[in-house]
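The values are calculated or read from the model by the stated rules, or taken from the named source; none is laboratory data. Worth saying up front: this structure is predicted, and the values here are computed from it rather than measured. Positions of Cβ are generated from backbone atoms using ideal geometry, with glycine treated the same way; all protein chains shown enter the neighbour counts. All accessible areas refer to the heavy atoms of the entire protein, side chains included, with ligands and DNA or RNA removed. Shrake-Rupley method; radii C 1.70, N 1.55, O 1.52, S 1.80 Å.
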Amino acid sequence: MNLIRQFSDDCWDILQQISDPEIPVLSVVDLGMIRGVELNQDNNIVVRLTPTYSGCPATDVLKDEIVHAFTAKGFTPIQVVVDLSEAWTTDWMSQNGKDKLKKYGIAPPKGEAHSCGTHVALTDGIECPHCYSIHSKLLSEFSSTACKALYQCQDCLEPFDYFKCI
């Protein structure tokens, strides 16, 4: 394996260890928040981070955690650039991330963001992450965060969050 490929793999391994503050079972890689890792002309490592929304209060914390993780592994100098050239979308979430969400008890987004429009029309029938039934009922369009809706399974009666298609 060549050194550049190994360097790239090592960088992505480090980033896989950085957890989302709201959903700690997911990494910034699982969420698709990392838009690139590269060496610039000055041999600085540059990580491009797109937060899940432009006003995300955790952005500075994530930047600091990324810098700390790279520095702890001896990968310096490191620069984290917030990249808002495209708005984050649930389409960028990895399948592994969606599987982790489900195991954590949050129903993953259903569908692709480009087909959902600006307002997501939420309907009953989201699969319950506890018993896998599709007999669920929308209780509220908003849950603990604006990106989640609250559902209740009509079979196991458990409430659960659904991560909206954004």
Next on the checklist: For a quick size check, give me the Cα extents of segment 79-166 along its three principal axes, largest first, whole Å.
Outcome noted: 48, 25, 22
Item to check | the chain: most fluctuating residue of 79, 41, 154 per GNM, C-alpha cutoff 10 Å | outcome: 41
Checklist entry - Probe 1.4 Å, all protein chains in place: accessible area of residue 130 in Å², nearest 10? => result 90
Checklist entry - Expressed as an acute angle from 0 to 90° and rounded to the nearest 10, what is the orientation of the C-alpha long axis of helix 95-104 relative to the principal long axis of the chain? => result 50
Checklist entry - In this model, which of 102/137; 73/100; 73/103; 102/164; 98/148 are farther than 24 Å apart at the alpha-carbon? => result 73/100; 73/103
Checklist entry - Say we join alpha carbon atoms closer than 10 Å with springs in a Gaussian network model of the chain; which of 20, 60, 83 then has the biggest fluctuation? => result 60
Item to check | Cβ-based net charge around residue 131, under 11 Å, with every Lys or Arg adding one and every Asp or Glu removing one | outcome: -3
Checklist entry - Once both axes come from the Cα atoms, what is the angle between helix 3-15 and the longest principal axis of the chain, in degrees from 0 to 90, rounded to 10? => result 40
Checklist entry - Which of 72, 58, 113 moves the most in a Gaussian network model of the chain with Cα springs under 10 Å? => result 72
Checklist outcome for this item: What the Cα atoms of segment 27-147 span along the principal axes, largest first and in whole Å, is 55, 28, 22
